[in-house]
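Heads up: the structure comes next, in structure tokens.
The values are calculated or read from the model by the stated rules, or taken from the named source; none is laboratory data. All figures in this text were calculated on a predicted structure; none of them were measured in a lab. Neighbour counts are summed over all protein chains in view; Cβ atoms, including those assigned to glycine, are modelled from backbone coordinates with ideal geometry. SASA here: full protein model, heavy atoms, side chains in, ligands and nucleic acids out. Shrake-Rupley method; radii C 1.70, N 1.55, O 1.52, S 1.80 Å.
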Amino acid sequence: MVRCGAAVLRKYGSFIDDLRVYVRGGTGGMGYPRLGGEGGKGGDVWFVARERITLKGIKEKYPHKRFVAGTGANSSVKALKGEKGKDCEVHVPPGISLLLDGGKQIGELNAAGERFLAARGGLGGSLATNFLPCKGQKRIIHLDLKLIADVGLVGFPNAGKSSLLSKISHAKPEIASYAFTTIQPELGKIIYPDYKQVSVADLPGLIEGAHVNRGMGHKFLKHVERTKQLLLVVDISGFQLSIKTQFRTPFETILLLTKELELYKEELVTKPALLAINKMDLPCAKDNLNELMSQLQNPQDFLHLLEEEMIPANTLQFKEVIPISTYTGEGIEELKAYIRKSIYEEAERENEEYQKNKLLLLQTSQEEKMNRR
């Protein structure tokens, strides 16, 4: 099992979600003391979000991972004001957080077209600088990618997340040669008959202890942060990572998944969530489903059967529980309909809250004006 795990991590390494780069603004141009001329400002380094860009592509195109803007033009008799140096634009994928070496976040780019000033160019030489140019700002910046999706698929290895994504979208996730996990995160889109689209992220499988970075740990969990809703995918026959690990029932699997999310970041379990019960084509699936449904309806009655460390502080509240089979196609269309309904309901709720807050601010502003009179 150790050798298999190492192989997965090496393969996963082909998908890059963190890249450390050096950026430096351009040096300013020389001033012209005799005529009071000012040198041009050095160019700036900008990160610009663009579609169809990957961190792996950036690394391959710029192996030195150094981005330096142009130097400002010197002041001269012909041009007392030197021209600004050429800016350096670095195209990055949407969903990037920008971090300094110490871990401090200095910005993020969530949508195509957004820009971030990564390093300012130095001022040109002038009377204030004794006509000597200033050097540009230099930084080491981590480009930390977190997939942005409407729905994030959450489940232990072999739950069927990749098969589900291929059934509900046109994505074709690459899967390892053995049964345990997806090689890398995959983003697909559900396209409905009226052309409404919902993006779905299939993320590498969790294992127990992911919150402390076991297995793919944080590589998985950080992507969950950027999804609007969760879709838990659970094997109706239960889950066992290997013969050396304990077998988990579907109910225990749900609690463990919730616990891992909660331990990594408590806010994750407050996201709207759906539950897909997969592999309903297996023998005894209906009996297992009936047992699971009774446990989900009254979870507190069954928590005493579990180890204390397995029990999350707050259980996930599922908007819907949908039995499916990615093998036969059972429940797939119903699941797609529930996903759309859930996304629409949350959008409506957010819009109502926005309108209420806007109205409250307007009323407060009017009251303040009245009190001033």
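State yes or no: is residue 51 modelled with pLDDT under 95, of a type in the set (Asp, Glu) and open to solvent by 50 Å² or more (accessible area, probe 1.4 Å)? Taking the combined requirement at face value, the residue satisfies it. Evaluate the following for residue 135: is it of a type in the set (D, E, K, R) and assigned to a loop (DSSP other than H, G, I, E, B)? It is true that residue 135 is of a type in the set (D, E, K, R) and assigned to a loop (DSSP other than H, G, I, E, B). Counting only residues that are more than 18 Å from residue 170 (Cβ to Cβ) and in contact with a Gly (Cβ under 8 Å, 6 or more places away or on another chain), the stretch 321-344 holds 4 of them. Being of a type in the set (Asp, Glu), surrounded by 14 or more Cβ atoms within 10 Å (Cβ to Cβ) and in contact with a helix residue (DSSP H, G or I) (Cβ under 7 Å, 6 or more places away or on another chain) holds for only one residue in 17, 44, and it is 17. From the list 115, 120, 50, the one residue that fits, being out of contact with any Asp or Glu (no Cβ under 9 Å at 6 or more places or on another chain), of a type in the set (D, E, K, R) and in contact (Cβ under 8 Å) with a residue 40 or more places away in the chain, is 50.
Contact map, the stretch 344-373: residues that are part of a helix (DSSP H, G or I) paired with residues that are open to solvent by less than 90 Å² (accessible area, probe 1.4 Å), Cβ distance under 6 Å, separation 6+ or inter-chain. Pairs shown: 346/272. Checking each residue in the stretch 216-245 for being under 17 Å from the mean Cα position of the chain (by Cα), modelled with pLDDT under 80 and assigned to a loop (DSSP other than H, G, I, E, B) picks out only 216. Restricting 83, 89 to residues that are at pLDDT 95 or above, outside any loop (DSSP other than H, G, I, E, B), closer than 20 Å to residue 123 by Cα and not aromatic (Phe, Trp, Tyr) narrows the list to 89.
Inside the stretch 246-295, can you point out the residues that are under 20 Å from residue 314 (Cα atoms), in a helix (DSSP H, G or I) and among the polar types (S, T, N, Q)? 253, 258, 270, 294, 295, listed by residue number.
For the residues 323, 299, 283, the requirement of being open to solvent by 100 Å² or more (accessible area, probe 1.4 Å), under 29 Å from residue 255 (Cβ atoms) and of a type outside the set (A, V, I, L, M, F, W, C) singles out 283. Among residues belonging to the stretch 146-173 that are hydrophobic (A, V, I, L, M, F, W, C), touching a strand residue (DSSP E or B) at 6+ places or on another chain (Cβ under 6 Å) and not in a helix (DSSP H, G or I), point out the one that is nearest to residue 39 (Cα to Cα). Ranking the qualifying residues of the stretch 146-173, first place goes to 147. Condition test on residue 71, is it open to solvent by 10 Å² or more (accessible area, probe 1.4 Å) and at pLDDT below 90? So residue 71 does not fit the description; no.
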